[in-house]
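Engineer: Pasting a structure here, questions to come.
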Amino acid sequence: MSHAGVHIVPLPTAQRVQPGDDLTALLLTTLAQHGVEPVDGDVVCVASKVVSLAEGAIVELPPGDPRAARRELARQHAAEVVAEAPWVLITRTVHGYVAANGGIDASNVGEHAALLLPDDPDASAAALRAGIAAATGRRVGVVITDTFGRPWRRGQTEVALGVAGLPALRDERGGVDLDGRLLEVTEVALADEVAAAADLVRRKDTGTPFVLLRGLDTAGLPDGTGADLLRPLAEDLFAAGGPTAAERAIARRRTVRRFAPEVAVPEHVLEAAVAAAGTAPAPHGTRPWRFLRLTAPTRQRLLDAMAAQWRTDLLRDGVEEEVIARRLERSDAVLRTAPELLLPGVRLDGAHHYPDERRQRAERDLFVLSGGAALQNLQVVLAAHGFGTAWISSTAFCPGTVREVLDLPEHFDPIGMVAVGAPASRPAPRGPLGPDGLLEEL
């Protein structure tokens with residue numbers, strides 16, 4: 001690697017780019033005005049704003065609040081909403097960028113207009129590079145840059161949207177550090193660093209759409225594209241944030257009936273889920289929920305007793321033995337094989353007592369409803385950690401059997417069982433669900 005250093009040259013211009021302008025011609029004219037002749041290996045950073053302007057990506061906003069209109073425009077052009085707060089909308093664009101307000105620009109385009117990102121920044125970068133080569137014979141790299149915020153840090157920085165003629169990433173995996181330790185994860189976002197370097201010599205008010213970098217050593221590295229910098233969704237641990245994260249977490253909960261038996265549920269995950277269950281609303285300021293973690297011997301004793309009770313009930317209903325056997329087999333396939341089995345219940349010793357059946361029944365229902373809220377919290381947190389659950393209602397049909405086998409007090413009401421474990425296969429994503437038929441106005 002060369003140690004000669006990198007020179008960064010700002011290239012301001014007084015020309016305001018308009019739709020249909022030839023950016024290659026403007027770049028070459030600007031270079032000539034500053035007495036700069038491109039050489040092989042130079043890299044030109046081009047602000048995405050002028051690319052969008054030249055490509056005509058301007059949208060006229062409707063009358064009214066322009067800020068609200070730009071926010072709605074970002075929503076319309078989003079592949080998905082990542083996070084939403086009163087002050088910002090974070091979206092994943094169709095390109096794959098995660099950006100505030102979809103990367104839509106409002107500066108220097110007029111009060112009632114907005115500027116979209118280029119349709120295909122990599123193609124725009126390649127076209128500029130080809131135009132420079134045709135006009136000068138020089139092999140120059142091009143980076144289309146834009147200003148993005150950064151998670152967990154204040155301030156914005158330039159990033160590479162489109163890349164042509166230079167590496168987007170410098171992969172150092174397989175090499176060693178100064179102490180000879182193997183590098184296993186190091187991939188340098190070279191094009192992003194180039195974009196950020198360009199912003200050291202320009203500001204938003206200097207009219208500097210172009211910056212030239214000279215001396216960048218990329219010898220032996222393959223050319224890349226801006227798309228190389230996008231993290232695959234499957235690797236994104238922060239695919240949603242803010243209120244959107246809560247919505248996604250809830251939607252992620254799916255009933256899982258087949259588990260990977262070799263994958264244990266970590267203690268801290270189980271404790272986090274139960275702690276979340278304990279945030280559910282409850283009557284009279286009580287904390288009535290209990291989650292009994294069944295050991296293998298206890299599980300077997302309880303399930304055997306419940307199976308006998310269920311068989312008795314079904315025979316009394318006139319169900320055939322063959323059908324009973326199939327039902328028990330389906331139940332056993334979940335409850336006897338899950339890595340963890342929890343028995344949730346509510347304690348009614350904190351309930352108020354009423355002299356009439358109507359109010360006493362309502363009081364009990366309130367506690368059971370609270371248990372349902374706790375169950376949902378538990379399962380949502382387990383799903384967020386990648387573990388599946390199956391809530392099985394069986395214990396609610398034989399509370400006496402449960403209390404007898406486990407020696408529980410009369411005021412303990414079981415509300416099903418929860419099988420927990422790593423899914424044997426990844427559950428299919430839940431399709432979009434709206435409030436249709438659920439929300440009514442009277």
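Engineer: Could you look through the range 381-401, keep only residues that are touching a residue at least 40 places away in the same chain (Cβ under 8 Å) and closer than 20 Å to Glu247 by Cβ, and pick out the one that is surrounded by the fewest Cβ atoms within 10 Å (Cβ to Cβ)?
Structural biologist: Checking each candidate, the answer is His385.
Engineer: Taking only the range 310-349 into account, find how many residues are crowded, with 16+ Cβ neighbours inside 10 Å and more than 24 Å from Ala275 (Cα to Cα).
Structural biologist: Number of matching residues: 7.
Engineer: Confirm whether Val17 is in contact (Cβ under 8 Å) with a residue 40 or more places away in the chain, under 28 Å from Gly242 (Cβ atoms) and assigned to a loop (DSSP other than H, G, I, E, B).
Structural biologist: No, not satisfied.
Engineer: Here is a check on your reading of the model: is Val368 assigned to a helix (DSSP H, G or I) and β-branched (Val, Ile, Thr)?
Structural biologist: Yes: the conditions hold for Val368.
Engineer: While we're looking at this one, here's another question. Hey, Thr145 hits all of (1) surrounded by fewer than 21 Cβ atoms within 10 Å (Cβ to Cβ); (2) under 25 Å from the mean Cα position of the chain (by Cα) but one; which does it fall short on?
Structural biologist: So the condition that Thr145 fails would be (1).
Engineer: Under 8 Å between Cβ atoms, at least 6 apart or on separate chains: pull out the pairs that start in the range 350-365 with a residue that is within 18 Å of Ile415 (Cβ to Cβ) and end on any residue that is part of a loop (DSSP other than H, G, I, E, B) and β-branched (Val, Ile, Thr).
Structural biologist: Close Cβ pairs (under 8 Å, with a partner that is part of a loop (DSSP other than H, G, I, E, B) and β-branched (Val, Ile, Thr)) amount to Gly350/Thr286.
Engineer: Tell me, please, whether a residue that is free of Cβ contacts under 8 Å to residues at least 40 places away in the same chain, within 24 Å of the chain's Cα centre (by Cα) and not in a loop (DSSP other than H, G, I, E, B) can be found in the range 130-142.
Structural biologist: The answer is no; no qualifying residue exists.
Engineer: Hey, another quick one. Given the criteria among the polar types (S, T, N, Q), surrounded by 11 or more Cβ atoms within 10 Å (Cβ to Cβ) and free of Cβ contacts under 8 Å to residues at least 60 places away in the same chain, does Gln33 qualify?
Structural biologist: The answer is yes for Gln33.
Engineer: From the list Asp146, Asp122, which one is at pLDDT 95 or above, over 30 Å from Pro62 (Cβ atoms) and in contact with a strand residue (DSSP E or B) (Cβ under 7 Å, 6 or more places away or on another chain)?
Structural biologist: It is Asp122.
Engineer: Take Ala79 and decide whether it is without any contact (Cβ under 8 Å) to a residue 24 or more places away in the chain, hydrophobic (A, V, I, L, M, F, W, C) and not in a helix (DSSP H, G or I).
Structural biologist: Yes, satisfied.
The values are calculated or read from the model by the stated rules, or taken from the named source; none is laboratory data. Since the model is a prediction, treat every value here as computed from it, not as a measurement. As a convention, Cβ positions derive from the backbone with ideal geometry for all residues, glycine included, and neighbour counts pool all protein chains shown.
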